[in-house]
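Some notes on the structure that comes next.
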Amino acid sequence: MTTLLHIDASARSDRSLSRKLSKAFVDTWLERDKLARVITRDVGHNPPPFVTEAWIAAVFTPEAQMTAEKREQIRLSDELIDEIDRADVIVIGTPMYNYGMPAALKSWFDKVIRIGKTFTFDLGRGDYPLEPIMSGKKLIILSCRGEFGFGPGGVRETMNHLETHIQTCAHYLGVNETHVIAIDYQEFGDARHEASIADAFDAVPVLVGQLIGERHNLRAPA
Ligand SMILES: Cc1cc2nc3c(=O)[nH]c(=O)nc-3n(C[C@H](O)[C@H](O)[C@H](O)COP(=O)(O)O)c2cc1C
């Protein structure tokens with residue numbers, strides 16, 4: 001049984017294109033895989049609070065010295081990490097805000113990439129002391145951008161800190177494979193935008209089919 005963790009990061013509701021795209025992905029998956037389960041986490045509408053000094057102190061407190069107050073500090077972080085632990089596929093619907101991810105989504109990453117829970121830290125590993133604890137997860141980024149040209153070779157390739165940043169962080173959540181579908185030109189609202197929407201929604205069933213096929217192939221008897 002496959003578990004999807006469906007995250008939305010747009011501040012918008014019905015008008016959000018990234019929400020429509022992530023919904024299309026999850027709905028398509030559920031149509032084709034009746035046994036799949038979905039966990040939803042709406043960080044766009046309910047952003048996790050920013051990291052505080054008290055939260056950092058609680059995270060670095062050894063188990064034997066934990067207090068009720070410190071446990072309360074990390075309760076949401078524990079809950080969010082548990083959702084990732086249960087997920088095989090992490091589906092993130094997100095806008096590009098100021099060439100990167102929305103602060104709400106960054107706040108989610110800050111709460112889930114946690115020492116001893118999602119990564120270990122060992123200076124014995126030399127220049128790369130961090131290692132993820134989880135593995136084998138797939139990440140699907142369904143994004144929407146007002147401008148265009150953020151892909152490889154595009155006019156704004158070097159300005160794309162959205163998918164690149166998400167992908168770098170997701171490594172520490174056990175993600176080994178990433179797929180991106182994006183809508184562009186939202187701020188132009190012209191024929192290019194309409195074509196980009198159509199292309200993105202056409203790409204969704206293709207990607208879902210590919211991923212579900214892969215999972216079934218993995219389970220097929222030798
Ligand atoms: C605060 C804010 C910042 C934005 N920054 C960018 C940007 O840097 N680059 C870009 O291409 N579009 C930018 N946009 C446009 C959004 O990416 C676009 O409106 C997108 O459709 C929003 O996603 P949504 O439809 O899921 O809400 C920004 C929009 C907002 C509200």
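The values are calculated or read from the model by the stated rules, or taken from the named source; none is laboratory data. Since this is a predicted model, take the numbers as computed values, not measurements. Backbone-built Cβ (ideal geometry, glycine too); neighbour counts: all protein chains shown. Areas reflect the complete protein model, heavy atoms only, side chains present, ligands, DNA and RNA absent. Shrake-Rupley method; radii C 1.70, N 1.55, O 1.52, S 1.80 Å.
One residue is enough: does region 54-73 have a residue meeting the conditions under 23 Å from Leu105 (Cβ atoms), among the hydroxyl-bearing types (Ser, Thr, Tyr) and open to solvent by 60 Å² or more (accessible area, probe 1.4 Å)? No, region 54-73 contains no residue that is under 23 Å from Leu105 (Cβ atoms), among the hydroxyl-bearing types (Ser, Thr, Tyr) and open to solvent by 60 Å² or more (accessible area, probe 1.4 Å).
Using the structure shown, decide if Gly44 is open to solvent by less than 70 Å² (accessible area, probe 1.4 Å), over 21 Å from Thr178 (Cα atoms) and modelled with pLDDT of 95 or more. It is true that Gly44 is open to solvent by less than 70 Å² (accessible area, probe 1.4 Å), over 21 Å from Thr178 (Cα atoms) and modelled with pLDDT of 95 or more.
When region 1-15 is limited to residues that are within 12 Å of the ligand (Cβ to nearest atom) and over 17 Å from the mean Cα position of the chain (by Cα), the one that is least open to solvent (accessible area, probe 1.4 Å) turns out to be Ser13.
Applying a threshold of 6 Å to beta carbon distances and a minimum spacing of six or more residues, or different chains, the list of pairs starting in region 88-99 at a residue that is under 13 Å from Ser10 (Cα atoms) and open to solvent by 10 Å² or more (accessible area, probe 1.4 Å) and ending at one that is more than 11 Å from the ligand (Cβ to nearest atom) and in a strand (DSSP E or B) is empty.
When the residues of region 16-25 are filtered to those that are of a type in the set (S, T, N, Q) and within 8 Å of the ligand (Cβ to nearest atom), the one that is surrounded by the fewest Cβ atoms within 10 Å (Cβ to Cβ) is Ser16.
Within region 106-135, if we keep just the residues that are assigned to a strand (DSSP E or B) and open to solvent by less than 70 Å² (accessible area, probe 1.4 Å), the residue that is farthest from the ligand (Cβ to nearest atom) turns out to be Thr120. With respect to the conditions (1) crowded, with 16+ Cβ neighbours inside 10 Å; (2) within 16 Å of the ligand (Cβ to nearest atom); (3) of a type outside the set (A, V, I, L, M, F, W, C), Thr28 falls short on a single one, namely (2).
Can you confirm whether Lys138 is farther than 26 Å from Ile56 by Cβ, touching an Asp or Glu at 6+ places or on another chain (Cβ under 9 Å) and open to solvent by 20 Å² or more (accessible area, probe 1.4 Å)? Against the criterion (farther than 26 Å from Ile56 by Cβ, touching an Asp or Glu at 6+ places or on another chain (Cβ under 9 Å) and open to solvent by 20 Å² or more (accessible area, probe 1.4 Å)), Lys138 qualifies. For region 144-155, the set of residues classified as within 19 Å of His193 (Cβ to Cβ) and either at pLDDT below 95 or more than 8 Å from the ligand (Cβ to nearest atom) (or both) consists of Gly149, Gly151, Gly154, Val155, listed by residue number. Can you report the number of residues in region 163-201 which are polar (S, T, N, Q) and open to solvent by less than 50 Å² (accessible area, probe 1.4 Å)? The number of residues fulfilling the criteria is 2.
For region 156-185, which positions are more than 16 Å from the ligand (Cβ to nearest atom) and in contact (Cβ under 8 Å) with a residue 24 or more places away in the chain? Hits for region 156-185 are Gln167, Cys169, Ala170, His171, Tyr172, Leu173, Gly174, Val175, Asn176, Glu177, Thr178, His179. Does region 32-45 contain any residue that is within 16 Å of the ligand (Cβ to nearest atom) and small (Gly, Ala, Ser)? Within region 32-45, one or more residues are within 16 Å of the ligand (Cβ to nearest atom) and small (Gly, Ala, Ser).
Just one of the numbered conditions (1) surrounded by 19 or more Cβ atoms within 10 Å (Cβ to Cβ); (2) more than 26 Å from Ile84 (Cβ to Cβ) is not true of Gly154: (1).
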